[in-house]
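K.L.:
Sharing a structure here in structure tokens format.
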Amino acid sequence: MSLQDVIESDLKIFFSTEEFAQKLTYAPKGGASIDIDAVFRPGKDIDDSKWQAAVQASGQLWIKASDVAAPGYGDTVTIGSDTWTVVNIDRGAQDSIWRLDIRRDLRPTFRK
């Protein structure tokens, strides 16, 4: 078994909805949306320190290059009822995956 075979086998597990992945909708800017399996990791909310309000949420998303050949800045991702925007793109291992930084605006939630 070659290294490429091992990577492909691991990616099947990584992107399985029974393991780490979840279903979501990816919409390239100006293109048709597609349903894919991807791994999402939420990040921290970005606060406005003056008002102590969460104004933006961030996260990371791993997608297969075979599902989305060329993700773009400003593309959107819908996870559940939340729509996120792609703000950064990094090529992953063996050109098989993409790691995307995503953000979404939040309704202000004021904290004490």
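The values are calculated or read from the model by the stated rules, or taken from the named source; none is laboratory data. It should be emphasised that the depicted structure is a prediction, and the values quoted were computed from it without experimental measurement. Cβ placement follows ideal geometry from the backbone for every residue including glycine, while neighbour counts extend to all protein chains displayed.
K.L.:
Taking the condition more than 17 Å from Lys23 (Cβ to Cβ), among the hydroxyl-bearing types (Ser, Thr, Tyr) and modelled with pLDDT of 90 or more, does Thr109 pass?
P.N.:
It is false that Thr109 is more than 17 Å from Lys23 (Cβ to Cβ), among the hydroxyl-bearing types (Ser, Thr, Tyr) and modelled with pLDDT of 90 or more.
K.L.:
Is there any pair with a first residue in segment 1-23 that is closer than 16 Å to Asp67 by Cα and modelled with pLDDT of 75 or more and a second that is among the β-branched types (Val, Ile, Thr) and loosely packed, with under 13 Cβ neighbours inside 10 Å whose Cβ atoms are under 9 Å apart and which are 6 or more apart or on different chains, and what are they?
P.N.:
Lys23/Thr17
K.L.:
If you scan segment 1-32, which residues turn out to be closer than 18 Å to Asp82 by Cβ and of a type in the set (A, V, I, L, M, F, W, C)?
P.N.:
Within segment 1-32, Ala21, Leu24, Ala27 meet the criteria.
Here is a yes/no grid of residues against (1) farther than 14 Å from Ile63 by Cα; (2) assigned to a strand (DSSP E or B):
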residue	(1), (2)
Met1	yes, no
Ser9	yes, no
Lys12	no, no
Glu18	yes, no
Lys29	yes, no
Ala32	yes, no
Asp35	no, yes
Val39	no, yes
